[in-house]
Amino acid sequence: MIDRLDLIVIGAGPAGLSAAIASARCGLRVLVLDEFPRPGGRLLGQLHQEPDGFWWNGIKEAQQLVRQASENSVDIRTGVSVTALEQIGQTGWKIWTNRGPFSAKHVLIATGAAESACPLPGWTLPGVMSIGAAQVMTNVQRVRVGNRGVVVGMNVLSMAIVSELRLAGIELAAIVLPPKNPLNVRASDPGDVLRSLLRFAHLAPNALFRFGASFLGNSLMQRMALKLYPRRGIRMWNTPLQLRRSAVEIVGGSCVEGVRIADIDSEGVPIPGTERLIEADFVCIAGGLYPLAELAAVAGCPFRYAPELGGHVPAHDESMRTPLQGLYVAGNITGVESAKVAIAQGQVAGLSIAIDSGVPDSPTETELQTAMHRVKQMRRDALIQFDPDITACRNRMYGTNDAIG
Amino acid sequence: MSYGRIENHPILGPLPETRRVCFLFDGRPIEAREGESIAAALLANGIRTLRAHEEQGTPRGIYCNIGHCMECRITIEGVSGFRACLSLASDGLDVCSGIVLPTPFQPAKLREGDAYE
Ligand SMILES: Cc1cc2nc3c(=O)[nH]c(=O)nc-3n(C[C@H](O)[C@H](O)[C@H](O)COP(=O)(O)OP(=O)(O)OC[C@H]3O[C@@H](n4cnc5c(N)ncnc54)[C@H](O)[C@@H]3O)c2cc1C
Ligand code: FES
C-alpha cells in the first residue's frame, strides 16, 4: 500500500483524470482508482463529429488524459472497485476496495453516470442490452452486438449511439418508443419526445431537421407536427425513427428473436389491432442517464434533487467542494453533461483540492475563478445538451448567474 | 451463431493486432484478444447467455457492459460473483456460467415464479 497520499480519485473518467492532472501539477501525490479494465470512463465509447468536421474520438481523448496524468506521476489503478468510504476524524478518509483499503487526506468522487432502466416484458432475455452497452461493445471492444437490432427509446444519447452503430455497419430495423407504463411516463409520450428531438435536430441528418424546423414555432405547431409525422417513421442513418410506434414486448425463447410493436395514439396508448413483430437478434434500451452517486451517500454527503441534472446529486458548490471536509465531486456525479464539461469540472476540483491542502505551489483564487468560468463556457458550447435547463439549474444551485463574458 | 468483430471502422480504423489468448467457458475453449473482457470475447464467439437466474433458471446475459447492473455474474477459478464485463480474459482461465441455486428458505410459490406479495 502506498503511504502519504494527498488525494484519492474514485473514477478514471474525464472528470477524475483531469482533476488528478490539475492537482498533481500543483505537487499533490494522487492515486486514481477505477473498476473498469481501462482508464477513460465513458469517454472511451464516444465518437461524434463536431460542426467543424472534427471527430471527437473518445479513445484518443482518453489516451491524452492518461498520458498527461502519468507525466505528472499520477498512479492510475484499474480493476479496483470502491465499495465504501469513511471519514476518519480530521485526518482524512479511508476507502474500501476489492483490493484492500486505502487512505488519503482528500477524496474526489468522480463516478460518472449510469443508464436508467426502461423495463418492458422480455427485457431480461440475452441480447437485450442498454444502448451504452452497445456503444462500448462497438467502439471500444469492437465486437458486433448482433446482426439486426431494434432500439427502444429516443433521447439525445440514443440518437448519438444509433449514428455510431450505423457507422460501424450494424443494421437497425427500427427505433421505437418504450411502452407507456408508470416507469416510462415521459419517454413514452410521443409529443414530449418529439419536442426533445427537435431540440437536437441539429445533430440529426437533414430529414428530421427539415421536418422539425418548420414546427419549432409554438406548441400548436408542435401538436400538428405529431399528427403529420409519418407512421412508418422518418429515416435517419437509414433507420426508421418511428415516433408513432412503441415496443409492446421483446420476444424470444433463449435469446432475443424480435420485438412486438404497435401503433400508438397521441398519448402513447397502443391502438388495438396494429401489433406486428419486427425480427431482431438484439435490442438496445435507451432510458437516459442519472448521476451514479451511491458512494457520496455512503460517505454521508447530503443530496439535492435536480431533475434537470438527471436526479439526485451530492450537495456541492461551484468549486466542487461538498459540505464534508476533504470530500469533493466532479463530472456526471454532479449532473449529466458532456465529457468536455466533466473535464472542466475536474480541473476546478483539482485546483480546489490543491488550495485546501495548502501545498507550497498552491493555485490562486484567480486561477480557480478562471477554471470555474471555463466550466460555464464548456456548458454553453456543448454539442450534446442532455437537458435544456441545465444552466438555469446550475445557477440556482450555485447562486451564480448567466454571465460568461 | 457468431457475430464476430468490427475489423474495419471508417473513423477508428482497422482493429489493432493483439496476441490471442484462450480461456475455458463451461469447459469449452474460447479464443479472445488479449486485454478484452470475458463478456466481449464470449459475444464475439456468439455466446450471449452468461448465467441462469438463480431462482427462476431463465437465461441472462450482459445488460450494461460497464459494471453497473450485475447481470453478467460468472464464476472465475471457482470464485463466484465476478462481472464478465469487467473481468479480463487470460490464458488458461477457468470460467463458468452462473447456475440455478437451491432456495430452501423460499416459500414454494416463489420458486414457481409467482409474483411477490
Ligand atoms: C453508457 C454511457 C454512454 C455515454 N455516452 C456519451 C456520449 O456518447 N456523449 C456524451 O457527450 N456523453 C456521454 N455520456 C455521458 C458521460 O457520462 C460524460 O460524457 C462523461 O464521460 C462523464 O465523465 P465522468 O468523468 O464524470 O464519468 P465517467 O466517464 O462515467 O467515468 C466514471 C468512472 O468511474 C468508475 N467508477 C464508477 N463507480 C466506481 C466504483 N465504485 N469503483 C471504482 N470505479 C468506479 C467507472 O468505471 C468510470 O470509469 C455517456 C454516459 C454513459 C453512462
Ligand atoms: S453487464 Fe452490467 S455489470 Fe456486467
**Request:** Net charge near A:ASP281: determine it from the other residues with C-beta under 12 Å of the C-beta of A:ASP281, scoring Lys and Arg +1 and Asp and Glu -1.
**Result:** 0
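Quick one, what does Rg over Rh come out to for the stretch A:53-188 if you take C-alpha atoms and the Kirkwood Rh?
Rg divided by Rh gives 1.07.
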**Message:** Using DSSP to call loops (not H, G, I, E or B), can you name the chymotrypsin sites (Phe, Trp or Tyr not before Pro) in the stretch A:38-124 whose Cβ has at most 12 other Cβ atoms within 10 angstrom?
**Reply:** A:PHE54
**Taking A:THR91, A:THR391 and counting other C-beta atoms within 10 Å, the order from fewest to most** = A:THR91, A:THR391
**Item:** Calculated FRET efficiency for the pair A:HIS373/A:LEU277, C-beta based, R₀ 41 Å, to 0.05
**Value:** 0.15
**Fill in**
Evaluated at 20 °C and 1.002 mPa s, the Stokes-Einstein D of the stretch A:336-405 based on the Kirkwood radius over Cα pairs, in µm²/s, stands at 166 µm²/s
**Complete:** Contour minus Cα-Cα span, A:ARG304 to A:ARG232, at 0.36 nm per residue, comes to 21.8 nm
**Dipole in debye (nearest 20) - the stretch A:1-43, about Cα centre, beta carbon charges: Lys, Arg +1; Asp, Glu -1** = 140 debye
**Complete:** Nearest-0.05 FRET efficiency for A:GLU50 and A:ASN395 at R0 = 30 Å, using Cβ-Cβ distance, is 0.70
**Cysteines not pairable in chain B (beta carbon separation under 4.7 Å absent)** = B:CYS22, B:CYS72, B:CYS85, B:CYS96
**Fill in**
Filtering GluC sites (Glu not before Pro) in the stretch B:23-87 by DSSP loop and by at most 16 other Cβ atoms within 10 Å leaves B:GLU34, B:GLU54, B:GLU55, B:GLU77
**Neighbour-count order for A:VAL329, A:VAL150, B:VAL100, fewest beta carbons within 10 angstrom listed first** = B:VAL100, A:VAL150, A:VAL329
**Request:** Over the alpha-carbon set of the stretch A:118-286, divide Rg by the Kirkwood Rh and report the Rg/Rh ratio to two decimals.
**Result:** 0.95
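Counting pairs of alpha carbon atoms under 8 Å apart in space and at least six apart in sequence, what relative contact order in percent does the stretch A:118-286 give?
32 percent
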**Fill in**
With Cα coordinates, the longest principal axis of chain A makes an angle with the long axis of helix A:14-25, in degrees rounded to 10, of 20 degrees
**Request:** Would you mind ranking B:TYR63, A:TYR229 by Cβ crowding within 10 Å, fewest neighbours first?
**Result:** A:TYR229, B:TYR63
**Request:** With the convex hull built on the Cα atoms of the protein assembly as shown, state its orientation-averaged projected area in nm².
**Result:** 26.1 nm²
**Prompt:** Which of A:GLU35, A:GLU50, A:GLU279 moves most in a GNM of chain A, Cα contacts under 10 Å?
**Reply:** A:GLU50
**Request:** Would you mind calculating the relative contact order of chain A from Cα pairs under 8 angstrom and at least 6 residues apart, reporting the percent as a whole number?
**Result:** 19 percent
**Prompt:** Roughly how tilted is helix A:58-71, in degrees to the nearest 10 and between 0 and 90, from the longest Cα axis of chain A?
**Reply:** 0 degrees
**Message:** Along the charge dipole of the protein assembly as shown, pointing to its positive end and built from +1/-1 on Cβ of Lys, Arg, Asp and Glu, which listed residue (A:GLY268, A:PRO323, B:PRO14) has its Cα farthest out?
**Reply:** A:GLY268
**Asked** What is the magnitude of the charge dipole of the stretch A:118-286 about its Cα centre, with +1 placed on the Cβ of each Lys and Arg, -1 on the Cβ of each Asp and Glu, and no other charges, expressed in debye to the nearest 20?
**Response** 500 debye
**Complete:** the stretch A:83-133: spread of alpha-carbon positions along the three principal axes, whole Å, largest first, is 50, 19, 16
**Message:** For the stretch A:120-198, place one equal point scatterer on every Cα, skip the solvent, and apply the Debye formula. What is log10 of I(q)/I(0) at q = 0.11, 0.20, 0.25 Å⁻¹?
**Reply:** -0.30, -0.93, -1.26
**Message:** With an 8 Å Cα cut-off and a minimum separation of 6 or more residues, compute the relative contact order for the stretch A:240-399 in percent.
**Reply:** 15 percent
**Prompt:** Going toward the positive end of the dipole of chain A, with +1 on Lys and Arg Cβ and -1 on Asp and Glu Cβ, which of A:PRO360, A:ALA19, A:VAL30 do you reach last?
**Reply:** A:ALA19
**Rounded Å value of the spacing that divides the Cα centres of the stretch B:27-59 and the stretch A:66-114** = 30 Å
**Item:** Label-point gap, in nm, between A:ASP317 and B:GLU17 - each point 7 angstrom along Cα→Cβ
**Value:** 5.6 nm
**Prompt:** Once the dipole of the protein assembly as shown is set up with Lys and Arg at +1 and Asp and Glu at -1 on Cβ about the Cα centre, which of A:LEU292, A:ASN395, A:ILE278 lies farthest towards its positive end?
**Reply:** A:ILE278
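Which value, in debye to the nearest 20, describes the size of the charge dipole of the protein assembly as shown about its Cα centre when Lys and Arg Cβ atoms bear +1, Asp and Glu Cβ atoms bear -1, and nothing else is charged?
Here the protein assembly as shown has a charge dipole of around 900 debye.
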**Asked** Once both labels are modelled 7 Å past Cα along the beta-carbon direction, what's the B:GLU7-A:ARG380 spacing in nm?
**Response** 4.9 nm
**Item:** Paramagnetic reach from B:MET70 in the stretch A:12-45 [backbone N under 19 Å; point 7 Å along Cα→Cβ]
**Value:** A:35-36
**Asked** If each of A:ARG4 and B:GLU31 carries a label point 7 Å out from its Cα toward its Cβ, how far apart are those two points in nm?
**Response** 5.1 nm
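Values in this text are rule-based calculations from the coordinates and carry no lab data. Being a predicted model, the structure only gives us computed values, none of them experimental. Quick reminder, even Gly has a Cβ in these numbers, built from the backbone with ideal geometry, and neighbours come from all protein chains shown.
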